[in-house]
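Engineer: Right, I'll just put the structure down here and ask away after.
The values are calculated or read from the model by the stated rules, or taken from the named source; none is laboratory data. The shown structure was predicted, so the numbers you read here are calculated from the model rather than taken from an experiment. Reconstructed Cβ throughout: ideal geometry from the backbone, glycine too, with neighbour counts over all protein chains shown. We work out accessible area using only protein heavy atoms, side chains counted, and drop any ligands, DNA or RNA first. Shrake-Rupley method; radii C 1.70, N 1.55, O 1.52, S 1.80 Å.
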Amino acid sequence: MKKSLLADVIVDLQYGDCGKGKVTHSLLQSTEYTHCVRFNGGHNAGHTIYHDGKKVVTHIIPSGVLRGVRSIIGPGCVVSPSLLQKEIEDLEAAGIEVKGNLFVDKRVNVISNKHLEEDGGDTTIGTTRRGNGPAYRDKYDRKGTRFESVPTDSSYQLTDIYQEFFENELPVVALFEGAQGFGLDIDWGDYPYVTSSTCNVGGAVSNGIPASAVRHVYGVAKAYQTYVGAKKFQPDGEIFNKIREAGQEYGATTGRPRQVDFLDIDQLVKAARINGVTELIINKTDILEQVDCWKLYKDGKLLDLEHEDRFLDYVRNLILVKCPDVEDVIFSYSPTDI
Ligand code: IMP
Ligand code: MG
């Protein structure tokens, strides 16, 4: 009998920081998942999760470790052994059992100290300075080092995702956790103000699953947009600072203030279509409620919908009409639940 292999994928439809960590953590309450896989990026990510009443931030380690799920850093990622060690120690100090649950695919490319140093000098893109760009450059230039040739310590285990998914008897239901977002994707983002990896569902597929295995695609966005980096993004106006403060929009990795703008509904439609999103989660609706400002961009023009109900109806209806794969649009008002 053919064994079953299913994958659900979580992608960010804006510029990162939309709450993927929260969605992963919430979905992993289901005991159905056998694996949690991080499929792109490196330590540049910062996923904020409220776990057992405590705030936890992960960077490269899949959120699955918080729920004791077998968690794999997939071949599409780049990892610094020293930063990984630090993150393992920080999580263990917070009472999370990482050892035993954390696996690194042998194909993962190394972020070296030289990569970290080089990225530390970035002044044009506004990177997180975590060595991402230089590591991916060397990977694609075929000058990288893979984890299989790095001495392993006991805090994680080396694995082969092919063995995990195909060469064992058990059915696999894997939750793929993306990093960054559509607006930062190397191909679909606003180049060159992008990250160096594929942040969309295609990135998950190239980590070792057939496209036909993908079941749900959870798209995560916010009711407004934020971006961190060197380009000018935030328009003039006190409202944007108000949203930043209400939403505590500061980088989880670097502490930088995030630039804020209203929702661009056309961009959201585009990102949902290209990712084949089946469930759309729009986070931080409570923040717009707090500032009571219900504006969005449509066809490049600012539209003031004035009332919450009209805003929600407008967004929901447009998404459902334009994105036939989307079955549900969920507006979330909570940092801990969907
Ligand atoms: P890099 O990924 O560190 O090379 O940074 C490239 C761009 O992506 C910069 O604008 C970063 O601020 C942004 N970026 C990278 N990772 C994240 C993230 O997890 N959330 C938000 N922005 C990010
Ligand atoms: Mg983040």
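Engineer: Considering only the stretch 1-88, give the strands (runs of 3 or more DSSP E) lying wholly within it that have at least 2 residues that are within 16 Å of ligand 1 (Cβ to nearest atom) and at pLDDT below 95.
Structural biologist: Working: elements: 5-12, 35-38, 47-51, 54-58, 70-73.
Of the strands (runs of 3 or more DSSP E) lying wholly inside the stretch 1-88, those with at least 2 residues that are within 16 Å of ligand 1 (Cβ to nearest atom) and at pLDDT below 95 span 47-51, 54-58.
Engineer: Same structure, new question: Mind checking which pairs have a first residue in the stretch 254-269 that is in contact (Cβ under 8 Å) with a residue 40 or more places away in the chain and within 15 Å of T128 (Cα to Cα) and a second that is among the polar types (S, T, N, Q) and part of a strand (DSSP E or B), Cβ under 6 Å, 6 or more apart or different chains?
Structural biologist: R258/T226
Engineer: Can I ask one more? Please determine whether any residue of the stretch 36-45 is more than 16 Å from ligand 2 (Cβ to nearest atom), in contact with a Phe, Trp or Tyr (Cβ under 9 Å, 6 or more places away or on another chain) and farther than 19 Å from N207 by Cβ. Full working, then the answer.
Structural biologist: Residues of the stretch 36-45 that are more than 16 Å from ligand 2 (Cβ to nearest atom), as a first pass: 36-37.
From what is left, the residues that are in contact with a Phe, Trp or Tyr (Cβ under 9 Å, 6 or more places away or on another chain) are 36-37.
In the following step, the residues that additionally are farther than 19 Å from N207 by Cβ were identified as none.
Scanning the stretch 36-45, I find no residue that is more than 16 Å from ligand 2 (Cβ to nearest atom), in contact with a Phe, Trp or Tyr (Cβ under 9 Å, 6 or more places away or on another chain) and farther than 19 Å from N207 by Cβ, so the answer is no.
Engineer: When you go through T152, T226 one by one, which is the residue that is modelled with pLDDT under 95 and either part of a loop (DSSP other than H, G, I, E, B) or open to solvent by less than 20 Å² (accessible area, probe 1.4 Å) (or both)?
Structural biologist: Values: T226 fails: modelled with pLDDT under 95.
From the options T152, T226, the qualifying one is T152.
Engineer: Another question about this same structure. If you check every pair at least six apart or on different chains, which have Cβ atoms under 9 Å apart with a residue in the stretch 222-239 that is within 14 Å of R258 (Cβ to Cβ) and within 16 Å of ligand 2 (Cβ to nearest atom) first and a residue that is open to solvent by 40 Å² or more (accessible area, probe 1.4 Å) and modelled with pLDDT under 95 second?
Structural biologist: Matching pairs, first to second residue: V228/T254; V228/R256; G229/R256.
Engineer: Can I ask one more? Take the residues in the stretch 69-87 that are of a type in the set (A, V, I, L, M, F, W, C) and closer than 16 Å to K99 by Cα, then tell me which one is nearest to the chain's Cα centre (by Cα).
Structural biologist: Applying the filter and picking the extreme gives I73.
Engineer: Pairs under 7 Å by beta carbon, first residue closer than 13 Å to K284 by Cβ and free of Cβ contacts under 8 Å to residues at least 12 places away in the same chain in the stretch 1-21, partner away from ligand 1 (no atom under 11 Å from the Cβ) and open to solvent by 10 Å² or more (accessible area, probe 1.4 Å), six or more apart or different chains?
Structural biologist: Matching pairs, first to second residue: none at all.
Engineer: Moving on. Mind listing just one residue for me: the one in the stretch 46-68 that is open to solvent by 10 Å² or more (accessible area, probe 1.4 Å) and touching a residue at least 60 places away in the same chain (Cβ under 8 Å) and, of those, nearest to ligand 2 (Cβ to nearest atom)?
Structural biologist: Restricting to residues being open to solvent by 10 Å² or more (accessible area, probe 1.4 Å) and touching a residue at least 60 places away in the same chain (Cβ under 8 Å), the top hit is G46.
Engineer: Where residues in the stretch 127-149 are of a type in the set (K, R) and open to solvent by less than 70 Å² (accessible area, probe 1.4 Å), which of them is nearest to the chain's Cα centre (by Cα)?
Structural biologist: Looking only at the stretch 127-149, we keep the residues that are of a type in the set (K, R), and these are 129-130, 137, 139, 142-143, 146.
Restricting the remaining residues to those that are open to solvent by less than 70 Å² (accessible area, probe 1.4 Å) gives 130, 139.
On the way: R130: 16, K139: 21 Å.
Applying the filter and picking the extreme gives R130.
Engineer: Here is a follow-up. Can you tell me which residue among I282, I287 is in a helix (DSSP H, G or I) and among the hydrophobic types (A, V, I, L, M, F, W, C)?
Structural biologist: Values: I282 fails: in a helix (DSSP H, G or I).
Of I282, I287, the one residue that is in a helix (DSSP H, G or I) and among the hydrophobic types (A, V, I, L, M, F, W, C) is I287.
Engineer: Quick check on the stretch 294-310. Is at least one of its residues within 27 Å of D190 (Cα to Cα), open to solvent by 10 Å² or more (accessible area, probe 1.4 Å) and part of a helix (DSSP H, G or I)?
Structural biologist: Checked against the condition, which is being within 27 Å of D190 (Cα to Cα), open to solvent by 10 Å² or more (accessible area, probe 1.4 Å) and part of a helix (DSSP H, G or I), the stretch 294-310 yields no hits at all.
Engineer: Considering only residues of the stretch 88-106 that are buried (at least 21 other Cβ atoms within 10 Å of the Cβ) and of a type outside the set (A, V, I, L, M), which is nearest to D153 (Cα to Cα)?
Structural biologist: Ranking the qualifying residues of the stretch 88-106, first place goes to F103.
Engineer: From the list T253, T278, which residue is open to solvent by 10 Å² or more (accessible area, probe 1.4 Å), of a type in the set (S, T, N, Q) and away from ligand 2 (no atom under 16 Å from the Cβ)? Can you show your working first?
Structural biologist: Values: T253 fails: away from ligand 2 (no atom under 16 Å from the Cβ).
The conditions single out T278.
Engineer: Pairs needed: first member in the stretch 186-199, over 13 Å from G16 (Cα atoms); second member anywhere, charged (D, E, K, R) and not in a loop (DSSP other than H, G, I, E, B); C-beta distance under 8 Å; at least 6 residues apart or different chains.
Structural biologist: Close Cβ pairs (under 8 Å, with a partner that is charged (D, E, K, R) and not in a loop (DSSP other than H, G, I, E, B)) amount to S196/R137.
Engineer: For the stretch 311-338, give me the residue count where each residue is open to solvent by less than 40 Å² (accessible area, probe 1.4 Å) and modelled with pLDDT of 95 or more. Show your work before the answer.
Structural biologist: First, pick out the residues of the stretch 311-338 that are open to solvent by less than 40 Å² (accessible area, probe 1.4 Å): 311-312, 315, 318-319, 323, 326, 329, 331-332, 334.
Those left that are additionally modelled with pLDDT of 95 or more: 311-312, 315, 318-319, 323, 326, 329, 331-332.
Adding up the residues that qualify gives 10.
Engineer: Among residues belonging to the stretch 158-192 that are of a type in the set (S, T, N, Q) and surrounded by fewer than 13 Cβ atoms within 10 Å (Cβ to Cβ), point out the one that is modelled with the highest pLDDT.
Structural biologist: Per the stated criteria, the residue is Q163.
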